[in-house]
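A.B. asks: First the structure, then my questions, so here it is.
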Number of protein chains: 2
Amino acid sequence: MVHDMIGRSDGLDAVIIAVGSELLTASRVDTNSLYITEILNDLGIRLAFKVVVGDDRAELRAHLAHALGRHPIVILSGGLGPTDDDITRDVVADYLGLALDESPVIVAAIEARFASRGWPMPAVNRRQARVPRGAVVLDNPNGTAPGLWLEPGGSMLALLPGPPRELKPMMQEQVAPRLAARAGGVTLSRRAITVAGRGESAVEEIVQPIYSAWLAQSPPIETTILASVGQVELHLSVRTVDAAAAAARLDAAVSALAAVLGDDLVSRTGRSLEEVVGDLLRARGWRIALAESCTGGLATSRLVDVPGSSAYVERAIVAYSNETKIELLGVPADLIAAHGAVSEPVAIAMADGVRQRSGVEIGVAITGVAGPDGGTEQKPVGTVCLAVTGPVTVVRTVRLPGGRAMVRSLAATSALDMVRRALASLPGPA
Amino acid sequence: MVHDMIGRSDGLDAVIIAVGSELLTASRVDTNSLYITEILNDLGIRLAFKVVVGDDRAELRAHLAHALGRHPIVILSGGLGPTDDDITRDVVADYLGLALDESPVIVAAIEARFASRGWPMPAVNRRQARVPRGAVVLDNPNGTAPGLWLEPGGSMLALLPGPPRELKPMMQEQVAPRLAARAGGVTLSRRAITVAGRGESAVEEIVQPIYSAWLAQSPPIETTILASVGQVELHLSVRTVDAAAAAARLDAAVSALAAVLGDDLVSRTGRSLEEVVGDLLRARGWRIALAESCTGGLATSRLVDVPGSSAYVERAIVAYSNETKIELLGVPADLIAAHGAVSEPVAIAMADGVRQRSGVEIGVAITGVAGPDGGTEQKPVGTVCLAVTGPVTVVRTVRLPGGRAMVRSLAATSALDMVRRALASLPGPA
């Protein structure tokens, strides 16, 4: 499966080595490498490979040798702490044949950091003040472990602390400028667009003929498709020294995609579905209220993820039982008796109930069978009825795939996408 | 930072190589390796390192050589598709000096797979039928790409397809038994416990003296600490051929941890906070209703994640505006005027309002300042008031760190943990 159309780079390639036995367990992923990759790509530097090794000196040494032998940029994360398990500093110095000198300046900085909290510096932290001879020390305002920068044999080698809040600013403020100085002015220009209502492969099918042509251009526009539950993002990028020309080409590329995607295009600027729904409501000064059954507050929680959403999310009612639907949403009991709680008439009544009782412009309702129990032959697990009411009324029944978590997540996304389409279909605000 | 106390294994070590340029982007992580690691650990096999390489023949070949030169088990995922970008099969055969023969049996199977959907097999899929001479073919009932198993020079080499729904059953049903046959009967016995109300480092501090002693025993009990927002899990494991003895030692270990963790122990069996709250409610036949302000449905959505939760989650009201709090929850207007919407009296009134109006036993309320706006000197961003009412009434104000997303997530966790403690503090159900 080709999700990613990446041409070969003529520029610098990098390697990331994450150090830490905890990153080799079945529950942890190395997320630092994603941030580092983003910074590298912005500089036009491609990631050749990435490795996770445990706290094992022989293993780390072998990987350091393998990486430095193949690529000019190697970025290590983790293993700079004060304990015996923190091996990165020692292994690098040993491999490069450099003595480790204790830096009085770093000792003083670590002591000051502890003193500011009223604690003495534990003796073990002196380890963090040891610097391979000739290395540049990268200040760490967010922790005790300074980073290190070396240029062995013309290569570039960065040692960064593992905690993301220490690594990220150090990577951005101290490592990126050093890499940029060597990257020859190439930068990455990017666009992202958001799509809903089509799966990843359906999006790929429709856009593939377009982005294939871009790849043949020089420099190529590279396209990456990213899918999360019910939403697809297309990321376009061009690596070049001429940022203005790249921007013009990307604008044209986004327009070409918009033309084939039609209503399924959520945002030309990579805004998420929940942000776009907020934008549409805000543009009209409208508010929204939700009635959720099987999703249990998930759709509302997504809307509320957006800062400032309290301006337009008026309320939500999570109503599981028929009694709650009747009492709090005013759904007629005989409607439930006639059609069942998972039905289009009940979805409309729920949406309109929460809308009218809260005095807002847009009502939304989700009622369905999330599973694992509760399915019937006529309404199997995954059957969800969605309704939007207000100046426009829309109702839909969908059959969603997957287990309980996926059904709930897809149902929340589908409901928000219905709101988006309903709002977008109305004549524009004055 | 030592999150993981892992001793050296005397057994087999493995390497995982994930192949695919899409896994080297800033947005994707290789999740297959987590599943593979879990299966390996169950067999008492330790992961030595893992690598992600792009669709690049020279790079993959170098990593294959590096891995096979260092460790006896190498598992490759991805790159078995039908296109030119799918290089794994070719690179492995070329590196091992094996001819690739087209298997008529596999061609027929792929043709049948396409035929079942009424499609002819695209010519390009014949590539997937090529088998390095001497390799065992691993059937793939979930896709077109069969897996491959080789034993070059006494090593073990598995080639698995990238899509998780194809990789997982193949790993479990066809690779694991082959690995087990060589692992000498060693198995991994495990326990997990869940902790709330303490951060990761606070948990580490209290349990470290205990697990350090376990590491000195033979075979050692290994401990891993995993933290998510507001919850900490401790995973204990013993690798040995004597599973009964391991189980007894792990039971004693869990009891030792329970003794020092006290009320902060959520579950001795690794159940999540939301599952334990459900268990406690179910044990009494009680139901719960929630009134959420700043969390916007997040606490309810967590409870509803648990299958069967509709039996005890009666309703939730997401009430942002003062009007909604007054109208739907019966919060007295003068209480809001006197104390503000983010206050302990209002939290209690919200919890009691939703509880009484829904006729359930337990009411919960969350009202706070999630940010980024809305903070004041007296009630800065992160100030959250939590209340539980019913047979026992508890109210608390917390100052939570982080941005909007973390404040909301920690507030939801804190509220659920308050419910847990309140229920656990009551005399047991008859």
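The values are calculated or read from the model by the stated rules, or taken from the named source; none is laboratory data. These numbers come from a predicted model, not from an experiment. Reconstructed Cβ throughout: ideal geometry from the backbone, glycine too, with neighbour counts over all protein chains shown. Heads up: the accessible areas ignore ligands, DNA and RNA and are worked out on the full protein's heavy atoms, side chains in. Shrake-Rupley method; radii C 1.70, N 1.55, O 1.52, S 1.80 Å.
A.B. asks: If you plug each phi of segment A:174-184 into the Karplus form 6.51 cos²θ - 1.76 cosθ + 1.60 with θ = phi - 60°, what whole-Hz ³J(HN,Hα) values come out, in order, with x for Gly and Pro?
C.D. replies: Using θ = phi - 60°, the values come out as 10, 8, 4, x, 5, 5, 4, 4, 9, 8, x Hz.
A.B. asks: Could you tell me how many degrees, from 0 to 90 and to the nearest 10, lie between the Cα long axis of helix A:104-115 and the main elongation axis, the longest principal axis, of the Cα atoms of chain A?
C.D. replies: Orientation of helix A:104-115: about 40 degrees from the principal axis.
A.B. asks: Another question about this same structure. Let me spell out the model: positive unit charges on the Cβ of Lys and Arg, negative unit charges on the Cβ of Asp and Glu, origin at the Cα centre of segment B:344-416. What dipole size does that give, in debye rounded to 20? Don't jump to the answer; show the numbers that get you there.
C.D. replies: Values: 7 positive and 5 negative charges, 25 e Å.
My answer is approximately 120 debye.
A.B. asks: Another question, if that's okay. Tell me, what is the percent relative contact order of segment A:308-382, built from C-alpha pairs under 8 Å that lie six or more residues apart?
C.D. replies: 22
A.B. asks: How crowded by other chains is A:343-354, given as the mean number of beta carbons from other chains within 10 Å of each beta carbon? Present the calculation step by step, with values, prior to reporting the outcome.
C.D. replies: Numbers: counts 0, 0, 0, 0, 0, 0, 0, 0, 0, 0, 0, 0.
Counting other chains' Cβ atoms within 10 Å and averaging over A:343-354 gives 0.
A.B. asks: Using a Förster distance of 60 Å, how high is the FRET efficiency between B:Ile210 and A:Gln208, based on the Cβ-Cβ distance and rounded to 0.05? Intermediate results must be reported in sequence, preceding the final value.
C.D. replies: On the way: r = 56 Å, r/R0 = 0.94.
The value I calculate is 0.60.
A.B. asks: Which angle between 0 and 90 degrees, to the nearest 10, do you get for helix A:200-215 versus the longest principal axis of chain A when only C-alpha atoms count?
C.D. replies: That helix lies at roughly 50 degrees to the long axis.
A.B. asks: Ranked from highest to lowest mean number of other Cβ atoms within 10 Å per residue, what is the order of the peptides A:207-217, A:159-169?
C.D. replies: Ranking the peptides A:207-217, A:159-169 by packing returns A:159-169, A:207-217.
A.B. asks: Could I ask something else about it? Running a GNM on chain B with Cα contacts under 10 Å, which residue among B:Val276, B:Val175, B:Val107 ends up with the highest mean-square fluctuation?
C.D. replies: B:Val107
A.B. asks: On to the next question. 7 Å along Cα→Cβ for the label point: how many nanometres lie between B:Leu215 and each equivalent label in the other copies, listed shortest first?
C.D. replies: 4.8
A.B. asks: Order the peptides A:307-317, A:128-138 from the highest to the lowest mean number of other Cβ atoms within 10 Å of their residues. Could you put the intermediate results ahead of the total?
C.D. replies: Values: A:307-317: 21.7, A:128-138: 18.8.
Those peptides, ordered most packed to least, come out A:307-317, A:128-138.
A.B. asks: Nearest the rotation axis from B to A, which residue of chain B has its beta carbon, and at what whole-angstrom distance?
C.D. replies: Nearest Cβ to the rotation axis, residue and whole-Å distance: B:Gly297, 1.
A.B. asks: Still on this structure: Counting only C-alpha contacts under 8 Å and six or more residues apart, can you give the relative contact order of segment A:1-134 as a whole percent?
C.D. replies: On the way: 181 pairs, mean separation 32.7, N = 134.
Rounded, it is 24 percent for segment A:1-134.
A.B. asks: Let me ask something additional. Using packing as a proxy for protection, rank A:114-124, B:244-254, A:415-425 so that the peptide with the highest average count of other Cβ atoms within 10 Å comes first.
C.D. replies: Working: A:114-124: 10.4, B:244-254: 15.5, A:415-425: 21.3.
The peptides rank, most packed first, as A:415-425, B:244-254, A:114-124.
A.B. asks: Something else now. Would you mind calculating the relative contact order of chain B from Cα pairs under 8 angstrom and at least 6 residues apart, reporting the percent as a whole number?
C.D. replies: Numbers: 825 pairs, mean separation 47.6, N = 430.
Taking the mean separation of contacting Cα pairs over the length of chain B, I get 11 percent.
A.B. asks: If you don't mind, there's one more thing I want to ask. Using the 7 Å Cα-to-Cβ label point, sort the distances from B:Ser27 to its equivalents in the other copies shortest first and give them in nm to one decimal.
C.D. replies: Taking the point 7 Å beyond Cα along Cα→Cβ, the inter-copy spacings are 2.9 nm.
A.B. asks: Assign one of three labels to segment A:14-94, namely rounded, prolate or oblate, based on the Cα gyration tensor with a ≥ b ≥ c the square roots of its eigenvalues; rounded applies when a/c is under 1.5, prolate when it is not and a/b is larger than b/c, and oblate otherwise. Walk me through the numbers on the way to the answer.
C.D. replies: Working: a/c = 1.92, a/b = 1.32, b/c = 1.46.
Verdict is oblate for segment A:14-94.
A.B. asks: Could I ask something else about it? Along the charge dipole of the protein assembly as shown, pointing to its positive end and built from +1/-1 on Cβ of Lys, Arg, Asp and Glu, which listed residue (B:Leu265, A:Ala337, B:Pro219) has its Cα farthest out?
C.D. replies: A:Ala337
A.B. asks: Could I ask something else about it? Quick check: pseudo-label points 7 Å beyond the Cα along Cα→Cβ at A:Tyr35 and B:Arg126, how many nm apart are they?
C.D. replies: 5.0
A.B. asks: When chain A is modelled as a GNM with alpha-carbon springs shorter than 10 Å, which of A:Ile193, A:Ile206, A:Ile75 fluctuates the most?
C.D. replies: The residue with the greatest mean-square fluctuation here is A:Ile206.
A.B. asks: Would you work out if segment B:141-300 is rounded, prolate or oblate? Take a ≥ b ≥ c from the square roots of the eigenvalues of the alpha-carbon gyration tensor; rounded if a/c is under 1.5, else prolate when a/b is larger than b/c, oblate otherwise. Please list the in-between numbers first.
C.D. replies: Working: a/c = 2.49, a/b = 1.39, b/c = 1.79.
Oblate, since a/c reaches 1.5 and b/c is not below a/b.
A.B. asks: Compare the Cα positions of B:Ala246, B:Val207, B:Thr187 along the charge dipole of segment B:131-259 (+1 at Cβ of Lys, Arg; -1 at Cβ of Asp, Glu; about the Cα centre) and return the one farthest towards the positive end.
C.D. replies: Positive-most Cα among the choices belongs to B:Thr187.
A.B. asks: Per residue, how large is the accessible surface of the protein assembly as shown? Use a 1.4 angstrom probe and give square angstrom. Let's see the in-between values first.
C.D. replies: Numbers: 33100 Å² over 860 residues.
Value for the protein assembly as shown: 38 Å² per residue.
A.B. asks: Run the dipole for chain B about the Cα centre, Lys and Arg Cβ at +1, Asp and Glu Cβ at -1, nothing else charged, and hand back the magnitude in debye, nearest 20. Before the final figure, lay out the partial values.
C.D. replies: Numbers: 40 positive and 46 negative charges, 109 e Å.
Its charge dipole is roughly 520 debye.
A.B. asks: Okay, next question. Treating the point 7 Å from Cα along Cα-beta-carbon as the label, what are the nm separations from B:Gly134 to the other copies, to one decimal?
C.D. replies: 4.5
A.B. asks: For segment A:113-198, go through all pairs of different Cα atoms, get the mean of 1/r, take its inverse, and jot down that Kirkwood value in Å.
C.D. replies: Values: mean 1/r = 0.0635 Å⁻¹.
Averaging 1/r across every pair of different Cα atoms and inverting gives 15.7 Å.
A.B. asks: Still on this structure: Can you pick out the pairs among A:Lys379/B:Lys168; A:Lys168/B:Lys50; B:Lys50/B:Lys168 whose Cα atoms lie more than 19 Å from each other? Spell out each step's value before the answer.
C.D. replies: On the way: A:Lys379/B:Lys168 30 Å; A:Lys168/B:Lys50 23 Å; B:Lys50/B:Lys168 17 Å.
In this structure, A:Lys379/B:Lys168; A:Lys168/B:Lys50 exceed 19 Å between Cα atoms.
A.B. asks: Mind checking the mean number of beta-carbon atoms from other chains within 10 Å of the Cβ atoms in B:44-53? Kindly include the intermediate steps, with their values, before the conclusion.
C.D. replies: Values: counts 0, 0, 3, 8, 6, 13, 8, 8, 8, 5.
Mean partner-chain Cβ count within 10 Å for B:44-53: 6.
A.B. asks: What's the average, rounded to a whole number, of partner chain beta-carbon atoms within 10 Å of each residue's beta-carbon in B:301-309? Intermediate values should be presented prior to the final figure.
C.D. replies: On the way: counts 12, 4, 3, 12, 6, 2, 8, 4, 4.
Across the residues of B:301-309, the mean count of other-chain Cβ atoms within 10 Å is 6.
A.B. asks: Next question, about the same structure. So, in nm, how far is label A:Val137 from label B:Ser255 when the simple model puts each one 7 Å beyond its Cα toward the Cβ?
C.D. replies: The modelled label-to-label distance comes out at 5.1 nm.
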